[in-house]
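Remarks on the structure that follows.
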Amino acid sequence: MTKEQRARANAKRVAELTAELNAKKKELEELKAWFRVETGEVSTDYGTWLVEFTPRVTPTVDAKRLQTERPEIFAEYGRLSESRVLKVKARK
């Protein structure tokens with residue numbers, strides 16, 4: 001197998017796995033939504049399965065607003081991180 005053939009095969013596999021993962025994530029979200037509606041978001045015991053809803057509070061900062069309204073604070077405490085996103089898609 002040439003390097004190009006290997007790259008094509010790997011790109012195809014990445015695309016397939018991404019599609020499978022997205023489908024599984026969608027299915028998971030649909031199941032979670034069903035439990036939210038079914039239980040009214042109240043922890044429920046189904047015998048061998050316990051479905052719990054635990055409240056969680058996560059502190060966040062509106063970075064865009066902070067950068068706009070208080071640039072001196074953003075300059076002191078803010079940080080910008082860079083990343084490179086890998087995208088694999090078939091040509092149309």
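Values quoted throughout were computed directly from the atomic coordinates according to the rules given, and no laboratory measurement underlies them. Just so we're clear, the structure is a prediction, and the values are computed from it rather than from any experiment. With ideal geometry, Cβ positions are generated from the backbone for all residues, glycine too; neighbour counts draw on all protein chains shown.
Tabulated data for the structure shown
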quantity	calculated
Charge dipole (debye, nearest 20) of the chain; +1 at Cβ of Lys and Arg, -1 at Cβ of Asp and Glu	1020 debye
Gap separating the Cα centres of segment 22-78 and segment 1-19, nearest whole Å	34 Å
Principal axis dimensions, largest first and in whole angstrom, of the chain by Cα	56, 53, 24
Average Cα contact separation per residue, the chain, under 8 Å, 6 or more apart, as relative contact order %	27 percent
